[in-house]
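Working notes, beginning with the structure itself.
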Amino acid sequence: MMKRLMYLNFLLLALVFASCSSDDDSGNNNGGSEIPDTLASGELFGEPFTANGSSADLTEGFGEERITVFLSSEDVDCETNQFSDAYTITISGPRSEGTTSDVFVNFSDPNSEDFISVGSGIDYEIISITDTEIEAKIRVSSSDGENNLEGKFTAPICSDEG
């Protein structure tokens, strides 16, 4: 139940921040260096993390079409409930190809109910989005340095709810 509340709070925060974002955001907050094409990996609460599984849902809030991607170190897909503890990183951003800084990332500790939300300093690029999957690249790091993710991922789109 706590994970569900945390997810709902995350979506609400993402929508609030999205409605307050600036069109002047460049989406290039890390010195202009390109995000690598390697599989997305990094650290999750100080432990190594590799995005071995994923799923995505289409959402809409305040009249804006968005996509939420759920990443896991486990081999999961649309068969795994999005509120499952298996999904430890959640990414919410606009549902359009290209680069943006209008994105929010939630890192959830798999060993507790702790989480950290990051809403700035994120490089995010949707390479392609179809009716069935999203391919994207991301570079994000939390201010405490214990959570970061960099690289490319592909996620099946599990819903077409908007």
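Numbers below:
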{"read-out": "Lone qualifier among 123, 144 - being surrounded by 15 or more Cβ atoms within 10 Å (Cβ to Cβ), of a type outside the set (S, T, N, Q) and farther than 18 Å from residue 54 by Cβ", "value": "123"}
{"read-out": "Region 98-111: number of residues that are surrounded by fewer than 18 Cβ atoms within 10 Å (Cβ to Cβ), closer than 22 Å to residue 72 by Cα and of a type outside the set (D, E, K, R)", "value": "2"}
{"read-out": "Cβ-Cβ under 8 Å pairs, at least 6 apart or on other chains, region 125-152 side among the hydroxyl-bearing types (Ser, Thr, Tyr), far side surrounded by fewer than 17 Cβ atoms within 10 Å (Cβ to Cβ) and part of a loop (DSSP other than H, G, I, E, B)", "value": "128/97; 141/121"}
{"read-out": "Yes/no for residue 110 being on the phi < 0 side of the Ramachandran plot and assigned to a strand (DSSP E or B)", "value": "no"}
{"read-out": "Matching residues, region 33-48, being over 15 Å from residue 110 (Cβ atoms), in contact (Cβ under 8 Å) with a residue 24 or more places away in the chain, surrounded by fewer than 18 Cβ atoms within 10 Å (Cβ to Cβ) and of a type outside the set (Ser, Thr, Tyr)", "value": "36, 37, 39"}
{"read-out": "Boolean, residue 62 is at positive phi and touching a helix residue (DSSP H, G or I) at 6+ places or on another chain (Cβ under 8 Å)", "value": "yes"}
{"read-out": "Candidate set: region 81-97, residues that are of a type outside the set (D, E, K, R) and in a loop (DSSP other than H, G, I, E, B); chosen: the one surrounded by the fewest Cβ atoms within 10 Å (Cβ to Cβ)", "value": "96"}
{"read-out": "Number of positions in region 58-75 that are crowded, with 19+ Cβ neighbours inside 10 Å and of a type outside the set (S, T, N, Q)", "value": "5"}
{"read-out": "Any hit, region 144-151, residues being outside any strand (DSSP E or B) and either within 15 Å of residue 66 (Cα to Cα) or acidic (Asp, Glu) (or both)", "value": "yes"}
{"read-out": "Meets criteria (on the phi < 0 side of the Ramachandran plot, of a type in the set (S, T, N, Q), outside any loop (DSSP other than H, G, I, E, B) and surrounded by fewer than 18 Cβ atoms within 10 Å (Cβ to Cβ)) for residue 128", "value": "yes"}
{"read-out": "Selection count where residues are of a type in the set (A, V, I, L, M, F, W, C) and farther than 16 Å from residue 139 by Cα, scope region 81-117", "value": "3"}
{"read-out": "Residue within region 67-80 that is within 12 Å of the chain's Cα centre (by Cα), in a loop (DSSP other than H, G, I, E, B), under 21 Å from residue 142 (Cβ atoms) and in contact (Cβ under 8 Å) with a residue 40 or more places away in the chain present", "value": "no"}
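FYI, it's all coordinate maths here, none of it is from the lab. Keep in mind that this is a model prediction, so the values were computed, not measured. Note that each Cβ is placed from the backbone with ideal geometry, even for glycine, and that neighbours are counted across all protein chains shown.
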